[in-house]
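Take a look at the structure set out below.
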Amino acid sequence: MKSFWKQVKLQLLVHFREPEVILWGFIFPALMILVLGFVFSKKAETQSVGVTDASKAHPAYEEFMAGLTTVEMMKVVEGSLAELTVGATGGEVDIIVSLESEDDGPSLLMSYVASADDPKVEVRRLRIEQIVARLDRARVDARDVDESMFWGVQHRVLESSDDTRVNATYVARLIPGVMMYNLFMGCIFGIGIVVVRDKQRGKFKKLATTPLSKTQFILVTSLGRMLLMVFQVSAMVLVGYLFFKVSVVGTWIELVFAVTLSVWMFLIFGFAIAAVSKSIEKAVALANVFFVFSTILSGAFFSTAQMPEFVQTLAYLLPPTSAIELVRGVYTYGDSIFAHPLPLGVLVGWFVLSLYLATSRFKWHED
Amino acid sequence: MDALKVDNLVKIYDDVRVVDGISFTVHPGEIYGLLGPNGAGKTTSLEMIEGLRTPSEGVITVCGLDGITQRKEINARIGVQLQATLLEERLTVSESIDLYASYYKKDVSVDAILADVQLEEKRDAQQKKLSGGQKQRLALALALVNDPDVLFLDEPTTGLDPQSRHNLWDVVLGLKKRGKTIILTTHYMDEAEQLCDRIAILDHGKIIAEGTPPELVGLLDASHVVSVPCPEDKEEMVKALPGVDHIEFRGGSAHLYTGDVVGTVEVLLAHKGVLDLGELRVHHATIEDVFIHLTGRQLRE
């Protein structure tokens, strides 16, 4: 056991003596958070208005939409009430409107926000009311006056929302996303490809002549790297706190658990890529597949709530998606890890599969 | 008990018998050399013995242990220096030794190993700052971290300058004095002659000769080789010279294998008007001469 930890310590030492680790492992992700955080925090002034699909049946739909588009800094998102509710809960949609009316009765606009405590809610509601008022005024101007038919407006708060979720800023959601995305990429490229390259160069031949087992090698290497990643995660959490006043909402112990499980799975996943790749070209191709899909679908930078349902389901199967949801749940929303059984299960599933592939298929060198 | 026994070892790649049924035995405390040109099958043979390649046929026994089924036990008792050892460049010499020592159960002194390979003054230097010779000595140090019973050195001095080669020879001879069994491959015949108690000469995957250096040279039936420039039109004349055991023509010269060097030189002097004796050279017969005699090629070809 003593020698096991000595090996882990020396692995960690190797990482810290590599100047590029500091650049790409610490400075680059911190810059990513800073740049995206500042850029998109400013853009958050633009309001996102969700218009329900059901509104399309309303006779004044076209007029209303025309009115919406005349208002500056308003972005329209369309979808079902359920989809928009997910968007509002995740913070991507600021206010939902639904145009409704009784048969031959007055038009009714229902507006939904995720939380009434948000200081910007009143402004958003007011802007919607102004559009409706303009529609009424247009009818007066057209002498089509029947006050009983003027628009009615009702404001509601979505029942499924809770304040923590709604008040979470973009940065608070971005930090765990960037953290997990960056660590995942580090593992598929830093382990998946580098191990195959080292194998081709014969770096592990010497190890093959010692009593060191492949399983111990994989565990030592992954643990050494995991300790490095603990420092990386800590650095990113610190950047979030210092520059954006974002703190961990959930418990630290659950955050450590979620991060550790995710990172260890990523590392073993990297070894699995290396184990099934005889050539560096295959390792690069496999890593690229996960890189592309993870960048688009992992939800690291932007929500996938607006994507088709089957795409969202597929996205769940990607290793970083589940990790991001689990870590974001604890870090940003203060959830218990057990409130996310699906991502937890997906992570454990990937871990077991990767460990099996890594330990059974890994070779020190080709014969 | 033999330190190593190899019986009818074969390795086939794409229907080519890279190693073609070699057999040999190495006794404890002996330095045994596998000598041959590049591509003769030396490294493939050694890597099968080290467990890095799977033999197509044959039996390997190391310290009485089966080379296939008892590999883990064998690995604990052998030390291996590969032709090229890639290490973590950012670990120091002592850290690298410490790391490799942690793979074994035996406790060894890093200081003692550094002294063995004459690297004490470089103990805190990172690997990337070592010279070629120092890197080879570090690779040798890593092969010693378990105080092995049998040590395998694969072309340990290839690419080194003469000074570094001789330093490494001293280290290897020091290990022999301590009773280590050493199996080494080389394509330097002087290295084989200097270090090895017995040598197997490999060519095209087969052992074509085996024995101590004097025994191998004895295969020539000639103690000396006399070389003299010889144009093609003079070859028939040279072939007819008396007192010569064997003649080879290559590189524009005639190489006369003789047990009577004085007599042969005197015969040549009698033809000084016909041959260019200004370029005449005489040397003791060597293992390289044996190799040329057996294969018709030089070791480096």
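Points to keep in mind about this one:
Per-residue answers, yes or no, for (1) within 14 Å of another protein chain (Cβ to nearest Cβ); (2) without any contact (Cβ under 8 Å) to a residue 60 or more places away in the chain; (3) among the charged types (D, E, K, R):
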position: A:Leu317; (1), (2), (3): no, yes, no
position: A:Ile324; (1), (2), (3): no, no, no
position: A:Ser336; (1), (2), (3): no, no, no
position: A:Pro343; (1), (2), (3): no, yes, no
position: A:Val346; (1), (2), (3): no, yes, no
position: A:Val352; (1), (2), (3): no, yes, no
position: A:Asp367; (1), (2), (3): yes, yes, yes
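- Listed by first and then second residue, the pairs linking a residue in region A:205-226 that is more than 9 Å from every other protein chain (Cβ to nearest Cβ) and farther than 22 Å from B:Leu142 by Cα to a residue that is open to solvent by 20 Å² or more (accessible area, probe 1.4 Å) and modelled with pLDDT of 90 or more, with Cβ atoms under 9 Å apart and 6 or more places separating them unless they lie on different chains, are A:Ser222/A:Trp264; A:Leu223/A:Trp264; A:Met226/A:Thr260; A:Met226/A:Trp264.
- Flag if B:Leu275 is in contact with a helix residue (DSSP H, G or I) (Cβ under 6 Å, 6 or more places away or on another chain), open to solvent by less than 30 Å² (accessible area, probe 1.4 Å) and over 29 Å from B:Ile199 (Cβ atoms): no
- Here B:Lys234 fulfils each of the conditions (1) in a helix (DSSP H, G or I); (2) among the basic types (Lys, Arg); (3) open to solvent by 70 Å² or more (accessible area, probe 1.4 Å) apart from (3).
- Odd one out for A:Met179 among (1) more than 14 Å from every other protein chain (Cβ to nearest Cβ); (2) within 20 Å of A:Ala275 (Cα to Cα); (3) touching a Phe, Trp or Tyr at 6+ places or on another chain (Cβ under 9 Å); (4) not charged (D, E, K, R): (2)
- Contact map, region B:96-121: first residue free of Cβ contacts under 8 Å to residues at least 12 places away in the same chain, second residue open to solvent by 50 Å² or more (accessible area, probe 1.4 Å), Cβ cut-off under 7 Å, separation 6 or more or different chains; pairs are B:Ser102/A:Lys6.
- Tally, over region A:7-25, of residues that are of a type outside the set (A, V, I, L, M, F, W, C), assigned to a helix (DSSP H, G or I) and open to solvent by 20 Å² or more (accessible area, probe 1.4 Å): 5
- Tally of residues being more than 28 Å from the chain's Cα centre (by Cα), more than 9 Å from chain A (Cβ to nearest Cβ) and either outside any loop (DSSP other than H, G, I, E, B) or of a type in the set (Lys, Arg) (or both) across region B:90-109: 3
Let's see how each residue does on (1) in contact with a helix residue (DSSP H, G or I) (Cβ under 6 Å, 6 or more places away or on another chain); (2) open to solvent by 20 Å² or more (accessible area, probe 1.4 Å); (3) closer than 30 Å to B:Thr157 by Cα:
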residue: B:Ile182; (1), (2), (3): no, no, yes
residue: B:Tyr188; (1), (2), (3): no, yes, yes
residue: B:Gly218; (1), (2), (3): no, yes, yes
residue: B:Val261; (1), (2), (3): no, yes, no
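- Residue match in region B:147-163 (condition: over 14 Å from the mean Cα position of the chain (by Cα) and assigned to a helix (DSSP H, G or I)): yes
- From the list B:Asp98, B:Asp7, B:Asp66, the lone residue that is open to solvent by 40 Å² or more (accessible area, probe 1.4 Å) and at pLDDT below 95 is B:Asp98.
- Where A:Val246 falls short, out of the listed (1) surrounded by 19 or more Cβ atoms within 10 Å (Cβ to Cβ); (2) in contact (Cβ under 8 Å) with a residue 60 or more places away in the chain; (3) assigned to a helix (DSSP H, G or I): (3)
- Restricting region A:80-103 to residues that are modelled with pLDDT under 80 and among the β-branched types (Val, Ile, Thr), the residue that is least open to solvent (accessible area, probe 1.4 Å): A:Thr89
- Region B:13-43: number of residues that are in a strand (DSSP E or B) and open to solvent by 60 Å² or more (accessible area, probe 1.4 Å): 3
The values are calculated or read from the model by the stated rules, or taken from the named source; none is laboratory data. Treat the numbers as computed from the prediction; the structure is a model and nothing was measured. No Cβ is skipped: glycine too gets one built from the backbone with ideal geometry, and neighbour counts run over all protein chains shown. Heads up: the accessible areas ignore ligands, DNA and RNA and are worked out on the full protein's heavy atoms, side chains in. Shrake-Rupley method; radii C 1.70, N 1.55, O 1.52, S 1.80 Å.
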